[in-house]
Amino acid sequence: MKFFLSVLILAFLLNGCSPETETGKLQVVASIAPLAYFAERIGGTHVAVSVMVPPGGNPHSYEPSPRQMVRLGKAILFIKAGSGVEFELDWMRRLLSLNHAMRLCNAVEGIRLLPIKHDGEAHQDERYDPHYWLTPANGIIIAKNVKRVLISADPDHREEYAANGAALEAELQLLDQEIHRKLAGLKNRRFLVFHPAWGYYANNFGLEQIAVEDEGKTLTPRQMQRVIEKAKASRIGVVFVSPQFSTAQAETIALEIGGRICSVDPLSPDYQNNLRRATSAFIESMR
Ligand SMILES: [Zn+2]
């Protein structure tokens, strides 16, 4: 609490005396990099977008820096994932209290969240899977949400935001078709991931994600053994890891199944190409 108060005071002081570095641009802050992509595409030349969780940072455990809090003091818009990412659950209220004029865009609005699966079964009483942004279909809804809030924050550029949003939605529609086409006809539709970030993707494209990790917890030897057996039974040869997580356990599994690890990023700022890259990697692993 003491730390937080001093940050507040610091934010206040710096706000009063530091010059604007990117004059004329609307300052937008996004929780995670994929959401920044939407703000950049739709806001175009009118926005300067920054991201809270840095590249390689883990949104399930990240804490914002004092410098980022200062930056928030100048933002007109904050885009949150809104799906229960721990960083937001822990910090959102405090971040919003730093800047009462800042608007909030809840990127998840209108998206149907899926329950987290444990050992292939959904448990009703528990949290939702937060990684909804990893399908182009949900990307279209995110684009609409960002467009709407940008227009209300800066109505002078309404036409540009509307046009940029429409162009992006059309691209995402094509990307959705492209991925469906690429995945069509694959017989083996199971892939093994360490961190369970690709559940929406799997659900959307008729694949089955087998996840090693259960929401950040390290696996017990017994759980490891179960995953290894399941992977062997499904003749899986690749364990997908993401840059945000340690790969030690994934490497052990890869060794046990005589396979390899491969990295796919659920938090890439290069949203569309990243989905293409992940698709190619999944296809190669399922062949
Ligand atoms: Zn995650």
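Taken together, the values in this text are just the output of simple stated rules run on the coordinates, not laboratory data. Since this is a predicted model, take the numbers as computed values, not measurements. Note: ideal-geometry Cβ built from the backbone for every residue, glycine included; neighbour counts use all protein chains shown.
Placing dummy labels 7 Å off each Cα toward the beta-carbon, the span from ASN273 to LEU104 is 3.4 nm. Scanning residues 5 or more positions from VAL239 or on other chains, those with amide H under 5 Å from its amide H are ARG260, ILE261, CYS262, with H placed 1.01 Å from N in the peptide plane.
Proximity of backbone amide H atoms, modeled 1.01 Å from N, is registered between LEU104 and PHE78 at under 5 Å, excluding neighbours fewer than 5 places apart on the same chain. Per the Cα gyration tensor, the chain maps to an equivalent ellipsoid with semi-axes of 36, 23, 15 Å, ordered largest to smallest. Segment ALA167..ARG189, full-extension length gain: 4.8 nm, with 0.36 nm per residue of separation and the alpha-carbon distance subtracted.
Close amide H partners of LEU26, meaning residues 5 or more places away or on another chain with modelled amide H under 5 Å apart, are VAL47, ALA48.
Seen from all directions on average, the stretch 129-195 presents a Cα convex hull projection of 5.9 nm². Placing +1 on the Cβ of every Lys and Arg and -1 on the Cβ of every Asp and Glu, with no other charges, gives the stretch 191-287 a dipole of roughly 280 debye about its Cα centre. Could you list, in their original order, any pairs among LYS80/LYS217; LYS147/LYS182; LYS74/LYS217; LYS74/LYS144; LYS80/LYS144; LYS25/LYS147 whose Cα atoms are separated by more than 26 Å? Beyond 26 Å: LYS147/LYS182; LYS74/LYS217. Counted over the stretch 185-286 with a bin width of 5 Å, the fraction of Cα pairs per bin, in whole percents, is 2, 13, 25, 27, 19, 9, 3, 0.
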